[in-house]
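Working notes, beginning with the structure itself.
The values are calculated or read from the model by the stated rules, or taken from the named source; none is laboratory data. The model shown is predicted, which means the values in this text are computed figures rather than measured ones. Please note: Cβ atoms are built from the backbone with ideal geometry, for glycine as well, and neighbour counts cover all protein chains shown. Calculation scope for accessible area: heavy atoms of the full protein, side chains included, ligands and nucleic acids excluded. Shrake-Rupley method; radii C 1.70, N 1.55, O 1.52, S 1.80 Å.
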Amino acid sequence: MSQMSVAIVGAGIAGLAFAAALQRAGVDFHIYEQAPRLSEVGAGVQLAPNAARELHRLGLAEALATVAVAPQAIEIRRWDDGTSLQRTPLGAECVARFGAPYYTLHRADLHSALLSLLPLKRVHLAARCVAVTPRADSVRLDLSNGTTVVADLVVGADGIHSVVREHLAPDRPRYSGQTIYRGLVPAERVPHLLTEPRVQLWFGPGRHCVCYPVSAGRLVSFGATVAEPDWREESWSAQGSVRELTSSYMGWHEDVTRLIGAAEAVSRWALHDRESLPRLQSGRVAVIGDAAHPMLPFRAQGANQAIEDAVSLARFLAEAGRCGLREALLAYEHLRFPRTNRIQRESRDSARTFHLADGDAQRQRDDGARASSSLGDQQWLFGYDADQAATNRATLARDIG
Ligand SMILES: Cc1cc2nc3c(=O)[nH]c(=O)nc-3n(C[C@H](O)[C@H](O)[C@H](O)COP(=O)(O)OP(=O)(O)OC[C@H]3O[C@@H](n4cnc5c(N)ncnc54)[C@H](O)[C@@H]3O)c2cc1C
């Protein structure tokens with residue numbers, strides 16, 4: 001291990017992936033997680049090749065092949081008659097083009113796979129970070145359990161409601177006007193959706209629905225998004241009603257209504273957004289994942305970008321002994337900012353375009369979708385190699401320095 005010590009706040013996908021990448025790079029770390037035990041919400045997550053590639057490199061190829069599904073295509077359909085608007089092939093073509101599959105999996109399986117890479121003694125539970133105090137040559141972390149930790153660097157991987165982020169900007173999360181209902185359905189209840197493993201989306205006025213198989217094909221995960229101007233509950237997640245959700249999708253294609261109706265329960269989530277941060281680091285504090293750039297889930301890239309952040313920052317920190325911590329953090333910010341900013345913006349735009357009412361704008365959107373169904377159109381997103389990009393930049397800095 002190098003001399004540097006990193007305190008990671010949050011053991012979500014970003015925090016665990018970052019810890020695994022630091023471990024690979026030989027950098028010392030500890031994770032502080034507020035929850036008394038590690039768990040993930042009962043829902044699915046899509047992992048595109050840009051993140052799957054990094055997880056394979058971290059040693060998770062076998063684990064992912066066991067628990068995930070590699071869908072054959074992503075298909076967008078019309079809300080009422082189910083007409084296909086766009087079909088992007090995945091499967092073998094995806095692996096051939098990008099060197100890694102597209103996966104759909106249960107979030108808990110991803111979480112467990114990441115955790116399996118780490119020594120548990122480095123993951124401290126019931127350790128909520130309540131204050132971060134940067135000092136000249138170190139940073140202090142105060143935890144809710146009364147403990148104080150001193151490290152060389154604190155990295156906030158503490159999600160959209162991040163405490164660490166408060167060091168970088170005073171903004172607050174704001175409700176996006178969209179609510180998502182998430183559910184899991186046993187595969188045998190929805191055979192009509194499983195003639196081939198694929199990600200399916202239905203676009204319609206004021207709402208859309210996405211579903212895909214998870215848990216090695218045993219379950220189907222769905223997310224049904226509804227434009228709802230107000231969120232009245234105090235908490236940002238709550239139990240939803242299958243009956244009310246089904247009736248709010250009345251008139252939609254029967255593939256959607258049968259899917260929702262097959263759920264025993266749904267959870268209801270207020271989707272929040274935040275401004276882009278002007279910077280991703282300051283002094284001895286940096287942020288990754290949703291703490292850095294929360295994204296509305298409509299490009300399915302939030303976790304993917306968290307994993308990209310994790311491997312890039314770890315790569316730069318491994319060079320900090322040579323180039324200094326400040327240079328390493330600046331390099332991370334310069335590399336990650338334009339890319340995450342673009343995806344954050346596109347995710348926001350999708351919230352509008354997915355939900356267009358039938359009419360000219362919707363027809364234009366659908367024509368555009370039909371014209372861009374090639375996997376090659378996703379090169380910039382799926383073909384991006386975060387680890388290579390960071391290594392190239394670090395090597396360049398070393399050569400110039
Ligand atoms: C409905 C929905 C669907 C999505 N689908 C996809 C998808 O298909 N593909 C994709 O790539 N992304 C998707 N995303 C986005 C993705 O879920 C997030 O981007 C990702 O989970 C962010 O991970 P994170 O580790 O940064 O944050 P989180 O997952 O929020 O983890 C933060 C962790 O920090 C802990 N924590 C918080 N505060 C503190 C504190 N003060 N002290 C200590 N610990 C703390 C929390 O308990 C938690 O464990 C989706 C999001 C939503 C809402």
Problem set entry | Top-ranked residue in the range 115-156 [being near the ligand (Cβ under 10 Å from one of its atoms) and not small (Gly, Ala, Ser); ranked as farthest from residue 33 (Cα to Cα)] | 132
For this session: For the range 131-166, name all the residues that are assigned to a loop (DSSP other than H, G, I, E, B), open to solvent by less than 30 Å² (accessible area, probe 1.4 Å) and closer than 16 Å to residue 30 by Cα.
Result: 138, 157
For this session: Take residue 226 and decide whether it is under 17 Å from residue 266 (Cβ atoms), touching a Leu at 6+ places or on another chain (Cβ under 6 Å) and either in a strand (DSSP E or B) or open to solvent by 50 Å² or more (accessible area, probe 1.4 Å) (or both).
Result: no
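Scan the range 167-181 residue by residue and report those that are open to solvent by 50 Å² or more (accessible area, probe 1.4 Å) and either touching a residue at least 40 places away in the same chain (Cβ under 8 Å) or in contact with a Leu (Cβ under 6 Å, 6 or more places away or on another chain) (or both). Working first, answer last.
Initially, the range 167-181 is screened for residues open to solvent by 50 Å² or more (accessible area, probe 1.4 Å), giving 167, 170, 172, 174-175.
Correct list: 167, 172, 174, 175.
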Seminar exercise, completed: Among (1) at pLDDT below 95; (2) aliphatic (A, V, I, L, M); (3) within 22 Å of the chain's Cα centre (by Cα); (4) farther than 24 Å from residue 350 by Cβ, residue 219 falls short only on (1)
Exercise. Restricting attention to the range 20-27, does a residue exist that is of a type in the set (Gly, Ala, Ser), within 30 Å of residue 145 (Cβ to Cβ) and within 7 Å of the ligand (Cβ to nearest atom)?
Worked result: no
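Counting residues that are modelled with pLDDT of 95 or more and open to solvent by 40 Å² or more (accessible area, probe 1.4 Å), which strands (runs of 3 or more DSSP E) fully inside the range 50-130 reach at least 2? Outline the logic, then answer.
Values: elements: 73-78, 84-89, 103-106.
Qualifying strands (runs of 3 or more DSSP E): 84-89.
Here are some residues: 342, 363. Which one is open to solvent by 20 Å² or more (accessible area, probe 1.4 Å) and within 16 Å of the ligand (Cβ to nearest atom)? Before you say what the answer is, go through the steps one by one.
Numbers: 363 fails: within 16 Å of the ligand (Cβ to nearest atom).
Sole residue among the options that is open to solvent by 20 Å² or more (accessible area, probe 1.4 Å) and within 16 Å of the ligand (Cβ to nearest atom): 342.
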Problem set entry | Filter pass, residue 32 being within 14 Å of the ligand (Cβ to nearest atom), under 30 Å from residue 259 (Cβ atoms) and aromatic (Phe, Trp, Tyr) | no
For this session: Could you check, for the range 46-58, whether at least one of its residues is hydrophobic (A, V, I, L, M, F, W, C), over 30 Å from residue 358 (Cα atoms), within 23 Å of the chain's Cα centre (by Cα) and more than 14 Å from the ligand (Cβ to nearest atom)?
Result: yes
Exercise. Do you know which residues across the range 172-211 are within 18 Å of residue 252 (Cα to Cα), under 24 Å from the mean Cα position of the chain (by Cα) and outside any strand (DSSP E or B)?
Worked result: 206
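This table checks each residue for (1) within 23 Å of residue 95 (Cβ to Cβ); (2) in contact with a helix residue (DSSP H, G or I) (Cβ under 6 Å, 6 or more places away or on another chain); (3) open to solvent by 50 Å² or more (accessible area, probe 1.4 Å); (4) in contact (Cβ under 8 Å) with a residue 24 or more places away in the chain.
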| position | (1), (2), (3), (4) |
| --- | --- |
| 355 | no, no, no, yes |
| 368 | no, no, no, no |
| 372 | yes, no, no, yes |
| 382 | yes, yes, no, yes |
| 393 | no, yes, yes, yes |
Exercise. Taking the condition at pLDDT below 95 and either of a type in the set (Phe, Trp, Tyr) or open to solvent by 50 Å² or more (accessible area, probe 1.4 Å) (or both), does residue 212 pass?
Worked result: no
Exercise. Applying the selection to the range 263-300, what residues are buried (at least 20 other Cβ atoms within 10 Å of the Cβ), within 21 Å of residue 104 (Cα to Cα), more than 9 Å from the ligand (Cβ to nearest atom) and among the small types (Gly, Ala, Ser)?
Worked result: 263
Problem set entry | Enumeration of residues in the range 234-262 that are in contact (Cβ under 8 Å) with a residue 24 or more places away in the chain and either in contact with a Leu (Cβ under 7 Å, 6 or more places away or on another chain) or within 16 Å of the ligand (Cβ to nearest atom) (or both) | 236, 237, 238, 239, 240, 245, 255, 259, 260
